Amino acid sequence: MRIFKNNSIFLILILILSISISGCSSKAPKVEEPIVLVEEKNQEPEIQIEEKEKEEGLIEDLTEDEEELSIEEDKTVEEEIDVAEKDKEEPVAEPEQAIIVKEPEKTTTDETVEVPEKEEIGEEVKNAIKIKGNVGKESSFTLAELKNMTDIIFEDDFYSLNNFGTTNHTLFKGVNLWKLLHKADISSSATKVKIIATDGYEVEFTIAQVKRQDYIDESNLDKAFPMIIAWEEKGKEFDSSDAPPYKLIVGQSEPGDVNKPQWVSKIDRIIVE
Ligand SMILES: Nc1nc2c(c(=O)[nH]1)N[C@H]1C(S)=C(S)[C@@H](COP(=O)(O)O)O[C@H]1N2
Ligand SMILES: [Mo]
């Protein structure tokens, strides 16, 4: 009797124990699940915000930023970029395009922007485009002089594709860059041409790229384009009150070529190396 009584108490104890143990273990997975849900929920608002921004037309700003980041990537040799900033960006290698693009420098209130040659030039030729470096005659051409170069003027609808996939056709008028460089007696040993804007934006091309007269429009393969220094867009001259009224325009080197970031506006000078 005593043994039986003790046994049943023992059994009851075991039962209680096993119920409480199984109760605990069945709770365990429930602890993990909400954490996953929280993580998923945390991502949702970000996605929604992005979509909202797209709808609200803020997408242009986003793409500009993205393009600018990828452009800085290409600039491996330049020293002005903060190393820490550079590390944040993901590498985008574009092996076929031997183009280095430099970002406009972000000016702070303390720093002054260096525009060395502006003052020496004087009022009259303020908006002249300078060609320097590996040329027979370093030159400075005014807008009036460029317009008089009727033998090298080129005008056509240029196709543009930007990093976000936006495409356009835009009418530009200007002078053929390769032919313009010959007016400054470009040296036969020249290897590179740098197009530098007053805001610090800079694109570098190889001589072969500047020489090329058959850049394409992927939407119309019958066409062929040289690089041009344009002063007119859609039949209207660029405003020259704030910046030099010149823009480098180049077609695509191949279908899919993102050519718009290569268009340099506000050109200050062309450096041949
Ligand atoms: N001087 C100068 N040219 C520039 C830039 C710039 O910041 N400064 N941005 C480039 C980039 S990234 C693009 S996509 C196009 C934008 O041309 P848009 O302003 O006519 O759209 O100009 C290019 N040329
Ligand atoms: Mo851009």
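All of the numbers you see were taken from the coordinates with simple rules; none came from a lab. Worth saying up front: this structure is predicted, and the values here are computed from it rather than measured. All Cβ positions, even for glycine, are placed from backbone atoms using ideal geometry, and neighbour counts span all protein chains on display.
If you stretched the chain out fully between ASP242 and GLU273, how much longer would it get, using 0.36 nm times the residue separation minus the C-alpha to C-alpha distance?
Length gained between ASP242 and GLU273: 8.3 nm.
Less than 5 angstrom separates the built amide H of PHE154 from those of GLY174, VAL175, ASN176, all sequence-distant by 5 or more or on a different chain. A crude spin-label estimate for the pair ASN220 and LYS179, with each label 7 Å from Cα along the Cβ direction, gives 2.0 nm.
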